[in-house]
Structures are given as C-alpha cells and as structure tokens.
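Let me begin by presenting the structure, written as structure tokens, before commenting on it.
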Amino acid sequence: MVVKFAAHDIQHVQHFTPWLEKHGHLLKSLNLNLNLTGKEWLEAESLIASALQRAKGGSSLGLQLTTYRSYPACAGSVLQYLPTYYMRHLELGPRAEYSSTFPLEGLTRLQSLVLDMSLTTTPAEVLLAVAAGLPQLREVSLCYGEMADAAAAAAGWSALPIRSLDFRAVEGCVSAATLQQLGKLQDLDFRAVEGCVSAATLQQLGKLQDLVRLDVYGGLTGEVLPASIAKELSQLRLTGEVLPASIAKELSQLSELCVLRTGIRKHAEGFKARLVSLHPGLTVKSSARG
C-alpha cells in the first residue's frame with residue numbers, strides 16, 4: 001500500500017495518526033507533506049513517530065516500509081522506527097539539524113538517498129560517516145541553498161554514489177576546491193537554480209569530464225554558453241525569459257535540448273527554429289506559453 005498524506009494544521013495529523021497506527025504494517029511507501037510551523041511541526045513529528053512505534057509493535061510482521069519521503073524532513077525520532085530490513089529509499093526535505101546529527105544509523109540496506117541541505121551546513125565528515133554506514137547505497141541526490149554549504153561538504157561527495165546535485169539560489173562562482181570535487185563525480189546531473197549561473201561558472205563547469213546533464217533555471221547571466229559544455233552534455237535544460245541567440249550555435253551540438261518557460265511562445269519558437277536549422281538532428285522540447 002502506498003500512502004500520501006498532506007497536512008496544513010496539527011488537527012489533520014491528529015486524525016491521521018490513529019489510522020497510521022492501525023494500518024502501518026500494510027504500508028510499502030509513506031509520503032508526508034507537512035505544511036506546519038514551529039510547535040505544531042514538532043508535535044506532528046512526535047505523533048507520527050509514536051504511531052509508527054505502535055504499528056511496529058502491534059503486528060507480528062512489524063513494519064514493511066521500503067520507501068519513506070517527508071517534506072520538510074519529519075525525521076529524528078521517526079527514522080528510528082523505520083524497518084531496517086526493508087527500507088530501500090529515503091527522501092528528506094529541508095531540516096536544520098543535519099549538521100549536528102544524522103539519524104540514519106541502522107538503515108544499512110538503503111539503496112537510494114535524497115537529502116535537501118538548503119537549510120543547513122553539513123560538513124564533509126558527516127557525509128563520509130554516511131558512506132561508511134550505508135554500504136548498499138547506489139544513488140544519492142543532494143541539494144544546497146548556499147555555496148558555502150556546498151563547499152563545506154564537497155570533500156565528502158566522492159565517497160558517495162552521487163548522481164544529482166542541486167544548487168538553489170546560490171551566489172557567486174563555484175570555488176576551485178568545490179570544482180575539483182565535482183570533477184571526481186561520474187555521470188552527474190547538475191542543476192543550477194534561481195539564476196546562479198554566470199558565464200564564469202559555466203566556463204568552470206565546462207571542465208568537468210563526467211557532467212552528462214546541466215539544468216539552468218532562472219536564465220543565463222552571460223550571453224555565451226561555452227562550446228566545451230555543449231560538446232560534452234547529452235542534455236541541457238534551460239529556463240528564463242531570455243535565451244540569447246548567440247548561444248544557438250553552441251547548443252546545436254547537443255543531442256537533446258529542453259527549453260523550459262522561455263517567456264512568450266513566439267520567442268521560444270523562433271529560438272527553436274534557429275537551433276533546428278543549424279542542427280536538423282537536434283530534438284528541441286519547449287513548454288513556453290502565451
């Protein structure tokens with residue numbers, strides 16, 4: 001059974017947890033979206049943890065959850081009641097405590113891990129401890145909200161099978177040390193969000209040998225996309241109000257281009273037509289409106 005639960009006030013959680021206590025042993029996947037703040041959020045975490053604890057002890061089979069997702073991260077006391085034998089996929093939204101404690105001990109059979117670090121600094125030694133404690137991990141996705149947070153964790157990236165890195169609303173270029181760590185990752189999807197990609201940063205990313213996809217949200221801040229990136233990537237996704245025509249030649253070297261939300265449709269379609277004329281084999285997808 002797959003359950004998706006969203007709550008906008010603590011009363012929703014109070015009504016849900018008795019059901020979770022009674023039927024928790026039937027769940028294979030639990031997805032939580034708790035739009036709560038302050039004291040209510042802490043109470044919700046306690047209620048869910050208690051319900052899982054009772055569900056685990058009330059069935060001869062215990063819990064058989066294989067997937068747990070929570071935005072924001074309803075973790076802490078909840079994670080200790082997840083079934084260590086069955087759990088394979090864990091996805092946690094923003095939470096401020098990752099830097100001081102990483103409540104993943106015991107989930108040694110995890111294969112997929114997604115962590116949103118946009119509210120916290122997680123030093124490299126924490127990631128190294130995760131890598132040592134979770135030997136069956138096959139795929140890890142991390143998200144950062146500040147370049148300094150990414151830099152503090154970068155030395156731990158290569159110990160994990162990272163397939164996706166998201167940089168959200170970050171300012172400035174990637175540091176040389178961070179770029180060096182990025183270069184150690186293989187088959188990487190790199191997503192840069194909220195207009196954080198300058199021409200200088202693109203030049204840096206162009207040096208990466210195993211970058212297979214680059215997503216740029218919020219538009220490019222420079223007018224030239226380095227040809228070195230276009231040659232190496234299998235896919236590029238762009239969004240923004242303006243896509244400079246000067247980058248059309250470089251983009252035409254891609255096998256697939258997704259042009260997302262590029263302002264009014266006639267501009268996006270004109271850009272698409274120019275790309276296709278330069279490279280007829282290019283697949284161009286567009287979701288522009290208006």
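The values are calculated or read from the model by the stated rules, or taken from the named source; none is laboratory data. Remember, it's a predicted structure, so these values are computed and weren't measured experimentally. With ideal geometry, Cβ positions are generated from the backbone for all residues, glycine too; neighbour counts draw on all protein chains shown. Just so you know, the surface numbers come from the protein's heavy atoms only, side chains and all, with ligands and any DNA or RNA stripped out. Shrake-Rupley method; radii C 1.70, N 1.55, O 1.52, S 1.80 Å.
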Next on the checklist: For the range 111-121, check the following and say yes or no: at least one residue is of a type outside the set (S, T, N, Q) and surrounded by fewer than 16 Cβ atoms within 10 Å (Cβ to Cβ).
Outcome noted: no
Checklist entry - Residues in the range 130-152: is at least one surrounded by fewer than 17 Cβ atoms within 10 Å (Cβ to Cβ) and at positive phi? => result no
Next on the checklist: One residue is enough: does the range 38-48 have a residue meeting the conditions closer than 18 Å to Leu110 by Cβ, surrounded by 20 or more Cβ atoms within 10 Å (Cβ to Cβ), within 27 Å of the chain's Cα centre (by Cα) and not charged (D, E, K, R)?
Outcome noted: no
Checklist outcome for this item: Taking the range 22-37 and keeping residues over 22 Å from the mean Cα position of the chain (by Cα) and either within 15 Å of Gly76 (Cα to Cα) or surrounded by 15 or more Cβ atoms within 10 Å (Cβ to Cβ) (or both) leaves Gly24, His25, Leu27
Checklist entry - Which residues, taken from the range 153-163, are open to solvent by less than 30 Å² (accessible area, probe 1.4 Å) and in a helix (DSSP H, G or I)? => result Ala153, Ala154, Gly156, Trp157
Checklist entry - in a helix (DSSP H, G or I) and loosely packed, with under 15 Cβ neighbours inside 10 Å, is that true of Gln53? => result no
Next on the checklist: Among the residues of the range 1-21, what is the count of those that are open to solvent by 70 Å² or more (accessible area, probe 1.4 Å) and more than 9 Å from Ala51 (Cβ to Cβ)?
Outcome noted: 8
Checklist entry - Restricting the first residue to the range 22-46 and requiring it to be under 17 Å from Arg88 (Cβ atoms), which pairs with a second residue that is at pLDDT 90 or above and charged (D, E, K, R) meet a Cβ separation below 8 Å and a spacing of at least six or different chains? => result Ser29/Arg69; Leu30/Arg69; Asn31/Lys4; Asn31/Arg69
